[in-house]
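Q: Pasting a structure below so you can have a look.
No value in this document is a laboratory result; all are computed from the given coordinates. Since the model is a prediction, treat every value here as computed from it, not as a measurement. Glycine gets a Cβ as well: all are built from the backbone with ideal geometry, and neighbour counts include every protein chain shown.
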Amino acid sequence: MPAGYIEIDVELCKDCKLCMSVCPHQLIGTSDRLNQKGYYPAHFTEKNLKKEERRCTGCGLCAISCPEIAIEVYRA
Ligand code: SF4
Ligand code: SF4
């Protein structure tokens with residue numbers, strides 16, 4: 001299974017939580033910091049993990065589901 005990684009543009013996020021609901025591994029949570037629009041943006045919970053420790057497969061479901069196009073997916 002390939003390792004994946006996502007980056008979320010927190011300033012585009014409107015906290016709709018769609019990405020959280022579709023991730024097969026529940027790897028997206030909510031940040032405890034407000035963005036400039038006043039939302040608590042989505043947060044990739046494996047952001048600070050090493051590649052071999054991540055469960056993200058880079059499936060892209062989160063990015064496809066995001067209405068704000070705030071998520072970029074990378075596969076290694
Ligand atoms: S790419 Fe797939 S596994 Fe990785 S965070 Fe998004 S939905 Fe979850
Ligand atoms: S789907 Fe997009 S806008 Fe909605 S919470 Fe996730 S990153 Fe934010």
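Q: Taking amide hydrogens as modeled 1.01 Å from N in the peptide plane, which residues meet the under 5 Å criterion relative to residue 42, leaving out close sequence neighbours?
A: HN-HN under 5 Å from residue 42: 15, 31.
Q: Mean 1/r over all different Cα pairs, inverted: what Kirkwood radius does the chain give, in Å?
A: Details: mean 1/r = 0.0813 Å⁻¹.
Averaging 1/r across every pair of different Cα atoms and inverting gives 12.3 Å.
Q: Cα centroids of region 52-69 and region 8-33: how far apart, whole angstrom?
A: A separation of 10 Å, based on Cα centres.
Q: Evaluate the charge dipole of the chain about its Cα centre and quote only its size in Debye, nearest 20, assuming +1 on the Cβ of each Lys and Arg and -1 on the Cβ of each Asp and Glu.
A: Charge dipole of the chain: 140 debye, to the nearest 20.
Q: Residues in region 30-58, backbone N under 16 Å from the label point at residue 74 (7 Å along the Cα-to-beta-carbon vector): list them, ranges by number please.
A: So the set is 44-58.
Q: A further question follows. Relative contact order (percent) for the chain, with alpha-carbon contacts under 8 angstrom and 6 or more residues of separation? Before the final figure, lay out each step's value.
A: Details: 140 pairs, mean separation 36.0, N = 76.
Once normalised by length, the contact order is 47 percent.
Q: Given contacts defined as C-alpha pairs under 8 Å and at least six residues apart, what's the relative contact order of region 32-76, whole-number percent?
A: Taking the mean separation of contacting Cα pairs over the length of region 32-76, I get 22 percent.
Q: If you check each cysteine of the chain for another cysteine whose beta-carbon is under 4.7 Å away, which ones come up empty?
A: 13, 16, 23, 56, 59, 66
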